[in-house]
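Notes follow once the structure below has been shown.
The values are calculated or read from the model by the stated rules, or taken from the named source; none is laboratory data. All figures in this text were calculated on a predicted structure; none of them were measured in a lab. In this analysis, Cβ positions are derived from the backbone assuming ideal geometry, glycine residues included, and neighbour counts consider all displayed protein chains. Each accessible area value is taken on the protein alone, full model and side chains, heavy atoms only, with ligands, DNA and RNA left out. Shrake-Rupley method; radii C 1.70, N 1.55, O 1.52, S 1.80 Å.
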Amino acid sequence: MCGIIGYVGTRDAVAIIVDGLKKLEYRGYDSAGIAVHGAGGFEVVKQKGRLSALEARLADNPLAGHSGIGHTRWATHGEPSDINSHPHIGSRNRVAVVHNGIIENYKQLKERLESKGIPFVSQTDSEVVAQLCEYYYSGDIMDTVIKVVNRLEGSYALGIMCLDEPDALIAVKKDNPLIIGVSGHGNFIASDVPAVLRHTNAVYYSDDKEIAVVKKDGVQFFNFDREPVAKPLETVAWNADSAEKSGYAHFMLKEIMEQPKVLRDTINSALSGDNRAVIDRLDAARFNRVAITACGSAYNAGVVSKYVFERLCGMTVEVEFASEFRYRETIIDDKTLVILVSQSGETADTIAAMRAAKSKGAATLAIVNVVGSAIAKGADECLFTAAGPEIAVATTKAFSAQLALLYILAVRFARLRGRLSEEEAREKLSEIAALPDQVAGILGNTFGIQKYAASCVGYKSIFFIGRNIDYAIALEGSLKLKEISYIHSEAYAGGELKHGTISLIEDNTLVVAIAGCGRLHGKIMNNIEQVISRGAKVLMVGGPAAREDEKLSALALPDCPELFTPSLSVVVLQLLAYYVAANKGLDIDKPRNLAKSVTVE
Ligand code: AGP
């Protein structure tokens with residue numbers, strides 16, 4: 001949820017840390033802070049609000065040092081404020097800590113320390129780590145950290161500095177992402193790769209219950225028993241530019257526009273690249289059930305693929321929110337394939353769902369965008385979307401890539417189960433391979449969408465409807481709009497409307513109707529007429545529009561087989577949401593109250 005970073009090296013740590021925090025701000029933007037080893041000890045500047053506020057504060061109070069830690073916050077315990085911002089400093093100023101995650105037993109630990117006279121200044125759970133370190137520190141910071149982590153419950157990625165060790169950073173990982181970057185001028189700790197890409201693409205992926213001692217000229221890893229751990233230094237395929245806006249007004253628009261390439265790369269990897277090998281290894285005959293579990297948009301990708309799997313493979317497919325899946329007595333066994341979909345690969349609920357599925361003997365297949373992430377490493381098999389770094393909180397390109405992989409998986413399973421002939425499977429795969437160009441066609445002319453979006457800024461509530469697979473993509477259209485425009489919206493199965501919700505339809509209510517599903521065009525047109533007759537205005541996405549007038553507007557889609565139309569309609573829905581939010585002048589890449597990777601429960 002939060003973003004942590006640290007640097008120890010020969011260069012100015014402040015500039016490097018602030019730049020890295022810019023690349024982590026999508027993880028949380030309630031406050032930001034930095035601490036460096038200065039001439040007189042720890043020098044700390046921290047500030048409620050965006051990173052830009054911290055930069056302004058640093059301009060007035062410049063810091064200098066060659067090692068430091070930084071943090072950008074998504075508040076869980078303690079409101080966004082200066083005092084609750086990280087880094088947290090120990091009561092005797094010998095330890096500084098930044099934390100991402102939740103210390104679940106912080107109350108008990110805090111009460112114990114307070115009973116020993118140790119003062120706390122914040123309402124956060126994280127400060128307990130700094131005060132515990134201060135309490136146990138007696139000259140050996142590693143010994144201290146081991147005592148502390150063996151008393152913590154919950155999830156954490158920690159960056160720790162000790163006053164007596166200005167040339168070292170301690171980093172600890174448990175159930176939250178942490179990478180160690182290695183460069184020619186110094187070394188890094190960070191929550192995510194984009195934070196270090198400007199300096200290096202050589203990283204170590206920390207594992208759970210691992211401690212890294214990071215110095216300017218070396219990195220050592222230990223387990224919680226202080227035994228050394230050997231780790232491979234890995235090379236990240238991403239480059240610094242991929243984490244830049246490249247002239248676009250927002251990362252979201254850039255990432256929407258990247259979809260043709262992302263789709264091409266992802267589809268090619270599944271047809272003839274690394275993903276193909278994974279798909280070929282899957283023993284479809286072993287499974288009598290597929291359960292897809294995920295959160296947010298990744299869940300919506302699962303819902304779309306349910307219709308594809310059922311239609312092509314004749315298999316039962318359940319799609320479940322990971323936050324429910326992990327606590328439900330789901331009937332799972334070794335004949336179940338559990339597919340975990342996640343852009344970040346670090347979503348806490350999806351990680352827990354993965355562990356629950358594995359504990360019941362299910363085979364687990366992950367569809368993930370981030371190499372080295374917990375879900376990528378934890379699942380039995382992993383397919384990677386080739387979306388590159390996705391910075392905007394509202395996912396777009398990763399979602400589209402997830403759909404493409406799920407389609408190809410369904411075609412593969414249908415072939416292996418004899419539901420599709422070799423020829424039919426080839427035909428389906430070529431229809432999927434045609435999607436990138438069709439998406440490029442939509443992106444080549446967004447005027448109609450921009451014009452319509454401008455007329456939507458005043459709405460307080462917008463309904464999305466669809467039938468069959470269009471209903472599934474309506475879920476994603478509604479989520480995208482809510483996330484970034486703050487307009488309330490809900491998605492409904494078109495046929496359900498008249499069973500209650502239609503009572504909410506009144507003059508000038510806006511209904512967005514997804515009509516890509518040719519077989520049911522007559523049905524969705526009925527629903528459209530039903531809401532128009534109650535005063536609604538309708539924007540129809542896809543399908544031949546029987547008429548266009550002040551009540552019914554239409555945005556056409558390129559011709560495409562029904563099963564794969566979600567890959568086209570979603571691009572229109574992404575652009576609609578983007579331009580509505582842009583017309584409202586909102587912070588599209590960092591919507592309020594959200595974060596890109598939800599690493600806490
Ligand atoms: C989508 O735009 C949101 N960022 C959010 O719903 C997201 O899909 C969800 O948090 C799951 O994230 P993941 O794909 O990284 O697991």
Query raised in the report: Which members of segment 443-468 meet the condition of being touching a strand residue (DSSP E or B) at 6+ places or on another chain (Cβ under 9 Å) and among the aliphatic types (A, V, I, L, M)?
Result: Ile449, Ile462, Ile465
Query raised in the report: Identify, please: which residue in segment 88-145 is of a type in the set (Gly, Ala, Ser) and part of a loop (DSSP other than H, G, I, E, B) and is, among those, farthest from Val213 (Cα to Cα)?
Result: Gly117
Report summary line: Of the residues in segment 298-324, those that are touching a Phe, Trp or Tyr at 6+ places or on another chain (Cβ under 7 Å), away from the ligand (no atom under 16 Å from the Cβ) and not in a helix (DSSP H, G or I) number 2
Report task. Considering every residue within segment 182-195, establish whether at least one is within 30 Å of Ile588 (Cβ to Cβ), surrounded by fewer than 19 Cβ atoms within 10 Å (Cβ to Cβ), in contact with a helix residue (DSSP H, G or I) (Cβ under 7 Å, 6 or more places away or on another chain) and among the polar types (S, T, N, Q). Result -> no
Requested in this report: Mind listing whichever residues of segment 309-336 are within 20 Å of Glu381 (Cα to Cα), more than 25 Å from the chain's Cα centre (by Cα) and surrounded by fewer than 19 Cβ atoms within 10 Å (Cβ to Cβ)?
Outcome: Asp333, Asp334, Lys335
Query raised in the report: Within segment 485-503, is even one residue part of a helix (DSSP H, G or I) and closer than 30 Å to Lys590 by Cβ?
Result: yes
Requested in this report: Hey, can you tell me all the residues within segment 371-390 that are in a loop (DSSP other than H, G, I, E, B), at pLDDT 95 or above and among the hydrophobic types (A, V, I, L, M, F, W, C)?
Outcome: Ala379, Ala386, Ala387
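For residues that are open to solvent by 30 Å² or more (accessible area, probe 1.4 Å) and either assigned to a loop (DSSP other than H, G, I, E, B) or in contact with a Phe, Trp or Tyr (Cβ under 7 Å, 6 or more places away or on another chain) (or both), scanning just segment 337-366, find the one that is farthest from the ligand (Cβ to nearest atom).
Pass one, segment 337-366, residues open to solvent by 30 Å² or more (accessible area, probe 1.4 Å): 355, 358-361.
Still in the running and either assigned to a loop (DSSP other than H, G, I, E, B) or in contact with a Phe, Trp or Tyr (Cβ under 7 Å, 6 or more places away or on another chain) (or both): 360-361.
Numbers: Lys360: 21, Gly361: 24 Å.
Within segment 337-366, the match that is farthest from the ligand (Cβ to nearest atom) is Gly361.
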Query raised in the report: Is there a residue being within 16 Å of the ligand (Cβ to nearest atom), out of contact with any Lys or Arg (no Cβ under 9 Å at 6 or more places or on another chain) and closer than 25 Å to Gly441 by Cα anywhere in segment 285-297?
Result: no
Query raised in the report: Taking the stated definitions as given, is Asp241 at negative phi and touching a residue at least 12 places away in the same chain (Cβ under 8 Å)?
Result: no
Query raised in the report: Would segment 48-64 turn up any residue that is under 21 Å from the mean Cα position of the chain (by Cα) and in contact (Cβ under 8 Å) with a residue 24 or more places away in the chain?
Result: yes
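Of everything in segment 565-601, what is within 14 Å of the ligand (Cβ to nearest atom), touching an Asp or Glu at 6+ places or on another chain (Cβ under 8 Å) and part of a helix (DSSP H, G or I)? Give them in sequence order. Outline the logic, then answer.
Narrowing segment 565-601 to residues within 14 Å of the ligand (Cβ to nearest atom): 570, 573-574, 577-578, 581, 588-601.
Cutting the leftovers down to touching an Asp or Glu at 6+ places or on another chain (Cβ under 8 Å) gives us 570, 573, 577, 590-591, 594, 596-599, 601.
Within segment 565-601, Val570, Leu573, Ala577 meet the criteria.
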Report summary line: Counted residues in segment 451-485 being among the aliphatic types (A, V, I, L, M), more than 20 Å from Gly495 (Cα to Cα) and open to solvent by less than 20 Å² (accessible area, probe 1.4 Å) come to 3
Report summary line: Note on Gln438: of the conditions (1) closer than 30 Å to Leu481 by Cβ; (2) crowded, with 23+ Cβ neighbours inside 10 Å, unmet is (2)
Query raised in the report: Which of (1) away from the ligand (no atom under 13 Å from the Cβ); (2) over 18 Å from Thr395 (Cα atoms); (3) among the β-branched types (Val, Ile, Thr); (4) touching a residue at least 24 places away in the same chain (Cβ under 8 Å) does Val371 not meet, given it meets every other one?
Result: (2)
Report summary line: Cβ pairs under 7 Å, 6+ apart or interchain, first in segment 590-601 and modelled with pLDDT of 95 or more, second near the ligand (Cβ under 7 Å from one of its atoms) and acidic (Asp, Glu), ordered by first then second residue, are Pro591/Glu483
Query raised in the report: Since Glu423 meets every condition but one in (1) within 16 Å of the ligand (Cβ to nearest atom); (2) free of Cβ contacts under 8 Å to residues at least 24 places away in the same chain, which condition does it not meet?
Result: (1)
Requested in this report: Look through Ser81, Ser31 and report the one residue that is surrounded by fewer than 21 Cβ atoms within 10 Å (Cβ to Cβ) and touching a strand residue (DSSP E or B) at 6+ places or on another chain (Cβ under 9 Å).
Outcome: Ser81
Requested in this report: May I ask you to say which residue of Gly418, Gly448 is part of a helix (DSSP H, G or I), surrounded by fewer than 16 Cβ atoms within 10 Å (Cβ to Cβ), over 25 Å from the mean Cα position of the chain (by Cα) and at pLDDT below 95?
Outcome: Gly448
Report task. Tell me which residues, restricted to segment 51-74, are open to solvent by 20 Å² or more (accessible area, probe 1.4 Å) and within 15 Å of Ile4 (Cα to Cα). Result -> Trp74
Report task. Quick one: in segment 215-256, of everything that is among the acidic types (Asp, Glu) and assigned to a helix (DSSP H, G or I), which residue is modelled with the highest pLDDT? Result -> Glu255
Query raised in the report: Could you list, in sequence order, the residues of segment 466-497 that are more than 16 Å from the ligand (Cβ to nearest atom), without any contact (Cβ under 8 Å) to a residue 60 or more places away in the chain and of a type in the set (Asp, Glu)?
Result: Glu496
Query raised in the report: Hey, any hits in segment 236-255 for a residue that's in contact with a strand residue (DSSP E or B) (Cβ under 8 Å, 6 or more places away or on another chain) and surrounded by fewer than 23 Cβ atoms within 10 Å (Cβ to Cβ)?
Result: yes
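Could you check segment 376-406 and list, in sequence order, the residues that are aromatic (Phe, Trp, Tyr) and over 16 Å from Asp274 (Cα atoms)?
Start the filter on segment 376-406 by keeping residues that are aromatic (Phe, Trp, Tyr), which leaves 384, 399.
Phe399 - this is the single residue of segment 376-406 that is aromatic (Phe, Trp, Tyr) and over 16 Å from Asp274 (Cα atoms).
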